[in-house]
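Participant: Can you read through this structure? Questions will come right after.
The values are calculated or read from the model by the stated rules, or taken from the named source; none is laboratory data. All values reported here derive from a predicted model rather than from experimental measurement. Cβ coordinates were reconstructed from backbone atoms using ideal geometry, including for glycine residues, and neighbour counts include every protein chain displayed.
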Amino acid sequence: MDKMLCGKFRMDAAYDIALLPYSPVMERDTLEIRCQVFNEGGDDTLELVFKLDGDVIHTEPLFVKGGTYGFARCRIPMCGRAGTHTVSVNGVCVPLEVRPDAPAVLDGGFVMMGPPNDRKALQFTPALKSFTDADWKAYVRAMAAAGMDCLIVMSTHQYINYQDENKQLHAHFDSEHFPKTDITAKDPIAAILEEAEVQNIKVFLGIGCAYGNRGSVEEVDEVYARYCGYRAFYGWYQAKECNMQHFDIGEWGFLEVLAQRMRSHAPVKPILNSPYEMPGPEIVDYIRRIDFCDILMPQDWVGQKRLNLQQSGEMLRILKDTYEAVGKHVWANCEAFNFTEAQSVNAETGTNFMVPRFRDGGMDGEEGFIQQMETVRPYAEKIMAFMLTGLFLPQGFTPPAGGPLAEKQFREYTEYAAKARKNG
């Protein structure tokens with residue numbers, strides 16, 4: 001059964017039950033089963049029964065105010081459970097696959113629709129902004145064919161130029177509150193979600209951006225109202241990047257505000273955050289106490305040459321030990337880019353261009369991209385790449401965002417991933 005209608009309560013498997021991490025999971029994971037129930041009548045209590053393959057694993061009386069969602073969850077270790085299963089809550093069922101382990105390959109990555117025009121390091125911006133809705137659907141299909149089952153829309157709202165003194169936020173769709181960004185696609189977010197449903201891909205939608213915008217409750221409300229009907233809309237991404245080494249409560253504290261708003265709309269949807277730097281003691285204490293996200297996915301900084309592989313692995317280990325202790329999740333964010341030397345590329349402007357990995361062996365070498373994934377695999381439930389667009393380009397894809405170097409990186413990655421999955 002995929003729906004429940006019990007008097008005033010309703011629950012739909014497509015929208016109201018979420019597995020974290022999403023299926024398939026590994027035997028070393030602890031699965032979190034998340035459930036939301038909507039009460040269409042007056043205040044009341046419903047007894048929730050969580051089952052795995054028909055066996056009761058958790059029960060919980062849930063009080064739900066009329067006209068709102070109630071939320072409950074339970075956690076269960078997957079050790080020794082390799083195989084296919086059925087998870088159910090009050091008879092509403094979702095499938096689950098458990099694997100002994102996972103190869104060191106990408107589960108997905110970030111997509112960017114239209115960076116600010118004055119972000120000169122991104123040579124592929126014009127081509128990326130020329131994508132049509134059909135191009136976005138084709139790109140989603142290509143990533144699915146490469147074995148990826150999760151996409152993170154980095155920003156749903158963006159600046160046209162991030163260095164403008166009076167910069168104004170724009171939306172990547174026809175918004176009632178913000179002007180439209182200068183992209184060709186009418187609604188790339190809808191296009192991605194539509195194709196993602198066909199390809200069984202999970203999608204996170206980003207609020208805020210990495211160019212100074214921490215996000216707002218207005219953005220959350222608008223995005224949820226517009227896209228909540230898509231089954232592929234799996235969770236939220238808090239796009240403002242925060243520093244884990246030098247703790248700033250003003251920077252981190254607003255994440256709580258965003259999280260509360262996100263959970264008010266659909267508490268079942270997990271919230272993802274991707275901070276940077278080695279975690280200092282203040283942030284370790286903070287993430288133990290404060291509920292601002294469900295998944296921490298630190299940037300590994302290897303592509304920027306700011307951390308080496310050993311440091312990246314240690315960062316993941318610290319966060320895994322900390323976050324799992326409070327029932328949360330740790331994913332990995334592997335940087336799939338390097339910066340060029342400014343002097344050798346553009347002496348006039350001094351621009352360091354972001355390009356696919358070429359240092360330390362590029363895809364495979366002393367500290368190549370394969371080695372990055374191998375380093376984080378033992379600590380991470382899922383592995384994502386920053387980023388896919390502009391750095392992973394299928395052969396012959398148009399518009400050719402990223403050009404020949406991105407084609408080369410995508411070809412090398414898919415060849416490696418096919419072998420890794422076959423051997424793993």
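Participant: Go over the candidates 212, 229, 253 one by one and state the one that is out of contact with any Phe, Trp or Tyr (no Cβ under 6 Å at 6 or more places or on another chain), on the phi < 0 side of the Ramachandran plot and modelled with pLDDT under 95. If you could, list the steps in order and put the result at the bottom.
Facilitator: Working: 212 fails: on the phi < 0 side of the Ramachandran plot; 229 fails: modelled with pLDDT under 95.
Matching residue, one of 212, 229, 253: 253.
Participant: Now for a different question. In the list 115, 95, which residue meets the criterion of being of a type outside the set (A, V, I, L, M) and either at pLDDT below 95 or on the phi > 0 side of the Ramachandran plot (or both)? Spell out how you get there, then give the answer.
Facilitator: Numbers: 95 fails: either at pLDDT below 95 or on the phi > 0 side of the Ramachandran plot (or both).
Every option except 115 fails the conditions.
Participant: Same structure again: In the stretch 258-272, what residues are assigned to a loop (DSSP other than H, G, I, E, B) and closer than 13 Å to residue 328 by Cβ? Please lay out each step first, then the result.
Facilitator: Looking only at the stretch 258-272, we keep the residues that are assigned to a loop (DSSP other than H, G, I, E, B), and these are 266-270.
Hit for the stretch 258-272 is 270, nothing else.
Participant: I've got another one for you. With 417, 401 as the choices, which residue is buried (at least 18 other Cβ atoms within 10 Å of the Cβ) and within 30 Å of residue 27 (Cα to Cα)?
Facilitator: Working: 401 fails: within 30 Å of residue 27 (Cα to Cα).
Answer to the selection: 417.
Participant: So residue 317 fits all but one of (1) buried (at least 18 other Cβ atoms within 10 Å of the Cβ); (2) under 20 Å from the mean Cα position of the chain (by Cα); what number is the exception?
Facilitator: Result: residue 317 passes all but (1).
Participant: Would a scan of the stretch 240-251 turn up a residue that is out of contact with any Leu (no Cβ under 9 Å at 6 or more places or on another chain), surrounded by 20 or more Cβ atoms within 10 Å (Cβ to Cβ) and in contact (Cβ under 8 Å) with a residue 24 or more places away in the chain? I'd like the intermediate steps shown before the answer.
Facilitator: Step one: of the stretch 240-251, the residues out of contact with any Leu (no Cβ under 9 Å at 6 or more places or on another chain) are 241, 243, 245-251.
Keeping just the survivors that are surrounded by 20 or more Cβ atoms within 10 Å (Cβ to Cβ) gives none.
For the stretch 240-251, residues out of contact with any Leu (no Cβ under 9 Å at 6 or more places or on another chain), surrounded by 20 or more Cβ atoms within 10 Å (Cβ to Cβ) and in contact (Cβ under 8 Å) with a residue 24 or more places away in the chain: absent.
Participant: Whether any residue in the stretch 45-57 is touching a helix residue (DSSP H, G or I) at 6+ places or on another chain (Cβ under 7 Å), assigned to a strand (DSSP E or B) and surrounded by 20 or more Cβ atoms within 10 Å (Cβ to Cβ) is what I want to check. Lay out the reasoning, then the answer.
Facilitator: Initial filter on the stretch 45-57 (touching a helix residue (DSSP H, G or I) at 6+ places or on another chain (Cβ under 7 Å)): none.
No.
Participant: A follow-up question, please. All but one of (1) closer than 26 Å to residue 266 by Cβ; (2) touching a residue at least 60 places away in the same chain (Cβ under 8 Å) hold for residue 101; which doesn't?
Facilitator: (1)
Participant: Let me ask another. Return yes or no: is residue 81 basic (Lys, Arg) and under 22 Å from residue 331 (Cα atoms)?
Facilitator: Taking the combined requirement at face value, the residue satisfies it.
Participant: Which numbered condition in (1) modelled with pLDDT under 95; (2) buried (at least 18 other Cβ atoms within 10 Å of the Cβ) is the only one that residue 376 fails?
Facilitator: Condition (1) is where residue 376 drops out.
Participant: Can you list the strands (runs of 3 or more DSSP E) lying wholly within the stretch 145-245 that have 1 or more residues being in contact with a Gly (Cβ under 8 Å, 6 or more places away or on another chain)? Give the steps one after another, and end with the answer.
Facilitator: Numbers: elements: 150-153, 157-159, 169-171, 202-207, 233-238.
Per the criteria, 150-153, 157-159, 202-207, 233-238.
Participant: Give the residues of the stretch 169-218 that are of a type in the set (Lys, Arg) and either within 21 Å of the chain's Cα centre (by Cα) or outside the structural domain of residue 150 (by TED's automatic domain parsing) (or both), sorted by residue number.
Facilitator: Let us first name the residues in the stretch 169-218 that are of a type in the set (Lys, Arg), namely 180, 186, 202, 214.
Passing the criteria: 202, 214.
Participant: Considering the stretch 252-285 alone, what residues qualify as being among the polar types (S, T, N, Q) and either within 27 Å of residue 314 (Cβ to Cβ) or not assigned by TED's automatic domain parsing to the domain that holds residue 329 (or both)?
Facilitator: 273, 274
Participant: Collect the residues in the stretch 64-88 that are over 16 Å from residue 23 (Cβ atoms) and in contact with a Gly (Cβ under 7 Å, 6 or more places away or on another chain), keeping them in residue-number order.
Facilitator: Correct list: 64, 66.
Participant: Restricting attention to the stretch 101-122, does a residue exist that is part of a helix (DSSP H, G or I) and either over 19 Å from the mean Cα position of the chain (by Cα) or closer than 22 Å to residue 232 by Cβ (or both)? Before the answer, list the steps.
Facilitator: Pass one, the stretch 101-122, residues part of a helix (DSSP H, G or I): none.
Checked against the condition, which is being part of a helix (DSSP H, G or I) and either over 19 Å from the mean Cα position of the chain (by Cα) or closer than 22 Å to residue 232 by Cβ (or both), the stretch 101-122 yields no hits at all.
Participant: When the stretch 62-82 is examined, which residues are found to be part of a loop (DSSP other than H, G, I, E, B), at negative phi and in contact (Cβ under 8 Å) with a residue 40 or more places away in the chain? First the steps, then the outcome.
Facilitator: In the first step, residues of the stretch 62-82 are kept if they are part of a loop (DSSP other than H, G, I, E, B); the result is 65-68, 78-82.
Within this subset, residues satisfying the condition of being at negative phi are 65-66, 68, 78-79, 81-82.
Correct list: 66, 78, 79, 81, 82.
Participant: Looking at (1) outside any strand (DSSP E or B); (2) surrounded by fewer than 16 Cβ atoms within 10 Å (Cβ to Cβ), which one does residue 23 not meet, given that it meets all the others?
Facilitator: Result: residue 23 fails condition (2) only.
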